[in-house]
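Undergrad: The structure's right below; bear with me while I get my questions together.
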Amino acid sequence: MSNIICILLSAVLSPLAYAQNREALAVPVEVLPDYITRRVISDAPEQTLSELARTGSVERGIIVGAKRWDVGVPISVCFFGGSRELRRHIVEVASIWERQGALVSFDFGDRIDPNLCRSNRVYDIRIGYTQPGYWSMIGQDSLVHVGQLEESMNFQRFDISPPTETEFQRVVLHEFGHALGFYHEHQQQDEGCEGELNWPAVYQYLGGPPNNWSQETIDFNLRSSRYMTGDIKTDFNVKSIMLYTFPIDFYRDGARNRCYSPGNTALSPGDTQLLRMAYGNEAITRASSTAAITAAVASFSAPERAALRTRLNLFKADQATKNQILRVGNAQFTDVDIKACSTAPATLASVETVTQFLNAEPKVGMLRYRGTVAPAGNEPGIMVLADADHPEITDARRIVASLSSRYGKQVSLAENPGRDRWLLTIVVCGGLRP
């Protein structure tokens, strides 16, 4: 769950005042949509990286360092709609990051009429407006956890009812900071704000409507264990654009607390320093982060090492190789999650052969080996899972027919009639017989 971002609190109210104004105040939640969260949680390389960080084998910042973009290479951006004026406005604000003396640039196409997303190429950042809240994937996670036909950054209702100019600038700068690979300032591990928060007030506030978060969710998004320390380290910066402003009641001693900020709407000198450290002439290379991860994962299983190696190769690949790995020519087809029913060698070998078979299919989107054990019985077989009332069921039936041509009656289709999204998932079990 390393890519869930945070909450967005657009007003400073006490829990009592908030309770009295629940109906009048809509507080957007800046958490990734459930369907993306599920992908992140079940992603095999993410599970391996999380285990490395949990055990202290590598610092979390090393992991983020591996996900940063290439220094000096333009980061391509497109938009899923929005008027020309809106797109130009977002470009104008985001380009402030480009003017900080670092080797960072965005490829918006024609900045008078910025890129609309097309299905025949890879865009690093894809901006939409239809999902709840304001959020962004971290660095190159925008390429692996969401497809090319999905937004990797979201500005809810900017295309219908944009916020005030001050809020507009704050949100766009903040989310592009995430897209560049930066996390939240309040979650610094050494000098962060966990010990400065009034946790009973935090739990009361966020545990009620409209968020209704569990204590686990609140802890995950606010406590400092999520902060990524490692290959880049700066002092706590109360003026950072990446520092969120919480209600005064969240802080011990209220507005006098060292972590409290009435709201940062511009890049601070500290933000500029961090950007130059990540993307400057003397930037710490991604290669060092990749090498540290590769060394630390040596004791893991062969499938885990292979999946992580593929992910790291994607992060450092040139555009042509990324196009091939991401199967960009197949963006109109549904991406497929592949899982194993056990960690038995025969099952893992079957997962590899099924993946190779599907990789040669012309009408399949990006393949994701999830690695999460998904029980499906003990008998050898392939179960294709899809939502019955979603267009992906057509792709699922086509994949079943294709797999059946090789594996016969060992292949079955399970249609999900419920409301919980399955997306398109293939569960492989046992030693398959062609």
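Laboratory data are not the source of any read-out in this text; all were calculated from the coordinates shown. Here the structure is a predicted model, which is why all the values come from computation and not from measurement. A quick note on method: Cβ atoms are made from the backbone with ideal geometry, for glycine too, and the neighbour counts reach across all protein chains shown.
Undergrad: Please list, ordered by chain and number, the residues whose modelled amide H lies under 5 Å from the amide H of D107; skip anything fewer than 5 residues away on the same chain.
TA: I75, S76, V77
Undergrad: Based on the Cβ-Cβ distance from T130 to T164, what FRET efficiency comes out when R0 is 30 Å, to the nearest 0.05? Don't skip to the end; give the middle numbers.
TA: Numbers: r = 21 Å, r/R0 = 0.71.
Result of the calculation: an efficiency of 0.90.
Undergrad: Here's a follow-up. Just to verify a number: FRET efficiency for R309 and E51, C-beta to C-beta distance, R0 = 25 Å, to 0.05? Each step should come with its number before you reach the end.
TA: Numbers: r = 16 Å, r/R0 = 0.63.
For R0 = 25 Å, the calculated efficiency reads 0.95.
Undergrad: Can you give me the long-range amide H partners of N416? Hydrogens built in the peptide plane at 1.01 Å from N, cutoff under 5 Å, separation of 5 or more residues or another chain.
TA: Long-range HN contacts for N416: A386, D387, A388.
Undergrad: Round to the nearest 0.05 the FRET efficiency obtained for D113 and E361 when R0 = 41 Å and r is the Cβ-Cβ distance.
TA: 0.65
Undergrad: Cα convex hull of the range 333-429: how many Å³ per residue?
TA: Numbers: hull volume 8.5 nm³, N = 97.
It is 88 Å³ per residue.
Undergrad: Quick one: length gained pulling D34 to I96 fully straight, 0.36 nm per residue minus the C-alpha distance? Display every interim value, and only then the final one.
TA: Numbers: separation 62, 0.36 × 62 = 22.32 nm, distance 3.11 nm.
Roughly 19.2 nm would be gained on extension.
Undergrad: Note down the nm distance, to one decimal, between modelled labels 7 Å out along Cα→Cβ at F300 and at A401.
TA: 3.8
Undergrad: Working out 0.36 nm times the residue gap between R252 and T265, then minus their Cα-Cα distance, what length gain in nm do you get to one decimal? All intermediate terms of the calculation are to be shown ahead of the outcome.
TA: Working: separation 13, 0.36 × 13 = 4.68 nm, distance 2.35 nm.
Length gained, R252 through T265: 2.3 nm.
Undergrad: Let me ask you something else. Test of understanding: what is the full-extension gain from R157 to S412, defined as 0.36 nm times their sequence separation minus their Cα-Cα distance? Each step should come with its number before you reach the end.
TA: Details: separation 255, 0.36 × 255 = 91.80 nm, distance 4.11 nm.
Gain on extension, R157 to S412, equals 87.7 nm.
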